[in-house]
Amino acid sequence: MALPSYASPLQRVWYYAFRVICALVFFYLMFPILVIVPLSFNAENFFTFTPEMLALDPAGFSLKHYVDFFTNPDWQLATRNSLTIAPMATLISVSLGTLAAIGLSQAHVPFKRAIMAILISPMIVPLIISAAGMYFFFSAIGLQGTYWGVVLAHAILGIPFVIITVTATLVGFDRSLTRAAASMGAGPVKTFFKVQLPLILPGVISGALFAFITSFDEVVVVIFVGSAAQQTLPWQMFIGLREQISPTILAVASLMVALSILLLATLEILRRRNERLRGMSPG
């Protein structure tokens with residue numbers, strides 16, 4: 001938004017000061033990433049910039065840490081575990097979270113706010129407390145240290161994100177469409193898949209991406225609930241920092257940053273598509 005010509009001196013000062021503050025906050029948030037990515041190409045096994053890197057000498061740069069990630073059995077096992085746990089946890093989160101959001105959007109549901117508070121509590125409760133509670137619960141039912149135990153634990157963490165995004169999408173949903181479908185003989189399941197789901201799909205996909213990121217990046221719960229057989233990528237990174245100080249962590253972190261940027265770009269595309277579907281933007 002351009003500064004109007006009739007703006008007062010104080011408004012002009014705030015106009016430019018606000019942009020400087022935003023730029024400083026953005027730089028503060030991005031600076032760790034700006035450091036990690038170049039260090040991942042370090043030719044030496046150091047976590048600091050070498051004289052060759054500072055001099056931009058090609059000899060100071062190498063892909064050795066990326067090669068180690070793609071060839072090391074420990075890293076590959078952790079990657080496979082993450083890629084098998086996160087999608088299944090996301091599927092469960094999306095299924096249960098979408099149904100919960102649709103149910104809570106109905107006007108006749110009693111104690112709606114209390115139920116919503118309980119369902120999104122995993123976002124609010126400190127993760128270490130949730131992890132400890134899941135450990136004792138899954139131990140009692142025999143799921144501690146199993147694949148499904150980790151999947152269900154990550155699904156619990158992802159459900160709140162799905163509920164919030166789908167609920168936000170349902171705010172602009174025209175309920176007369178479902179009544180029209182019912183009047184023409186469509187059952188609830190057919191109405192959901194043919195009428196409701198296509199319109200709320202951007203919110204569902206957004207929630208799925210948030211749930212996937214939550215599962216893929218989570219380390220505290222998997223340490224409590226999982227075992228060595230379910231060692232995920234963040235867990236392997238934690239071990240690399242605590243035990244062997246492996247610079248391969250920098251390469252893995254750079255790849256995860258690239259994945260996060262890709263997912264966030266997808267979320268932005270979905271957000272704009274959702275606004276166009278709801279007639280909120282001319283583009």
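The values are calculated or read from the model by the stated rules, or taken from the named source; none is laboratory data. Note that the structure is predicted; figures quoted are calculated from it, not measured. Don't worry about glycine lacking a Cβ; one is built from the backbone with ideal geometry, like all the others, and counts go over all protein chains shown.
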Practice task
Could you look through segment 258-283, keep only residues that are closer than 17 Å to V171 by Cα and assigned to a helix (DSSP H, G or I), and pick out the one that is modelled with the highest pLDDT?
Solution key: R272
Handout entry: Inter-residue pairs, beta-carbon under 9 Å, first within 15 Å of I102 (Cβ to Cβ) and in segment 179-193, second of a type in the set (D, E, K, R) and in a helix (DSSP H, G or I), 6+ apart
Key = A181/K190; A181/K194
Practice task
Would you confirm whether any residue within segment 37-50 is of a type in the set (S, T, N, Q) and either in contact with a His (Cβ under 7 Å, 6 or more places away or on another chain) or not in a loop (DSSP other than H, G, I, E, B) (or both)?
Solution key: yes
Fill in the blank from the handout: Flagged pairs (Cβ under 7 angstrom, 6 or more apart or on separate chains; first in segment 86-114, over 19 Å from I156 (Cα atoms); second hydroxyl-bearing (S, T, Y) and part of a helix (DSSP H, G or I)) are S105/T167
Practice task
Could you pull out the residue among T169, T178 that is touching a Gly at 6+ places or on another chain (Cβ under 6 Å) and among the polar types (S, T, N, Q)?
Solution key: T169
Problem - Residues satisfying the stated conditions in segment 208-230, i.e. closer than 14 Å to T266 by Cβ and of a type in the set (G, A, S) - result: A208, A211
Practice task
State all residues of segment 238-254 that are in contact (Cβ under 8 Å) with a residue 40 or more places away in the chain and over 14 Å from V67 (Cβ atoms); if no residue qualifies, say none.
Solution key: I245, A253
Exercise for the section: Within segment 207-226, identify whether any single residue is farther than 30 Å from S176 by Cα, of a type in the set (S, T, N, Q) and modelled with pLDDT of 85 or more, and answer yes or no. Expected result: yes
Exercise for the section: Could you check segment 128-191 for helices (runs of 4 or more DSSP H) lying wholly inside it with 3 or more residues that are among the aliphatic types (A, V, I, L, M)? Expected result: 147-170, 176-183
Completion exercise
Scanning segment 74-111 for residues that are more than 26 Å from the chain's Cα centre (by Cα) and of a type outside the set (G, A, S), the one nearest to T169 (Cα to Cα) turns out to be Q106
